[in-house]
Every structure is written in C-alpha cells, then in structure tokens.
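Reading through the structure tokens given below for one structure.
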Amino acid sequence: MSQSATLYRISKDTFDQISKSHKEKPFDWSASKSYLTLQGSFMGLEYVLSKGRETSIAKLVNELFNPRQSLGKEEFEALTPEEKFDFL
C-alpha cells in the first residue's frame, strides 16, 4: 500500500470562494481545471523540490504537500469500495 497526493488546479476566484465559505462542504470536482495524482512518489518529489532551497521555498513546498488547513471535506460515504480502501 502506498500514499498518493492529488493536486487540483483551480482559479483564484474558486479558491477564494471555497476559503471564504465557513461550511465544510464537499469539494466540487468540476471546479478544477485539471488535476495531477502523484501515486506513491509525492514524498520523494517533496524532498527533491525542497532540498537546498531557501527556507521560504521549502516551507511553500511543505505546505503544498502537507497543508495545515483543508478546504472542503471528503464525502466518505459517497466513495466506491475501492476508493474507500485507498482512502484508508
């Protein structure tokens, strides 16, 4: 079993809308312009992107892969059995 990270590309307007909403509602996948899933390799990518960089860049890379704040929530019950297994 491995971990994965999915990065979604959304507009600034969409991001602002989600971040201003104080309700934890599910993320609307159709709001993303594209996405990238890093299966089992994101920790290595995080290391390579932050190694030898200025502290501000290393912090930005860390925040990208390990966010302190989450926008929206995952609707666990709406996932397929395979997605639930991957989620756990």
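The values are calculated or read from the model by the stated rules, or taken from the named source; none is laboratory data. Nothing here was measured: the structure is a model prediction, and the numbers come from that model. Every residue, glycine among them, receives a Cβ derived from its backbone with ideal geometry; neighbour counts consider all protein chains shown.
Which members of the stretch 15-35 meet the condition of being surrounded by 12 or more Cβ atoms within 10 Å (Cβ to Cβ) and modelled with pLDDT of 85 or more? The answer is SER32, and nothing else.
Given (1) exposed (fewer than 10 other Cβ atoms within 10 Å of the Cβ); (2) touching a residue at least 60 places away in the same chain (Cβ under 8 Å); (3) not aliphatic (A, V, I, L, M), where does SER4 come up short, assuming only one miss? Failing condition for SER4: (1).
Filtered by the rule that a residue be of a type in the set (Asp, Glu) and modelled with pLDDT of 80 or more, the stretch 36-88 gives GLU46, GLU54, GLU63.
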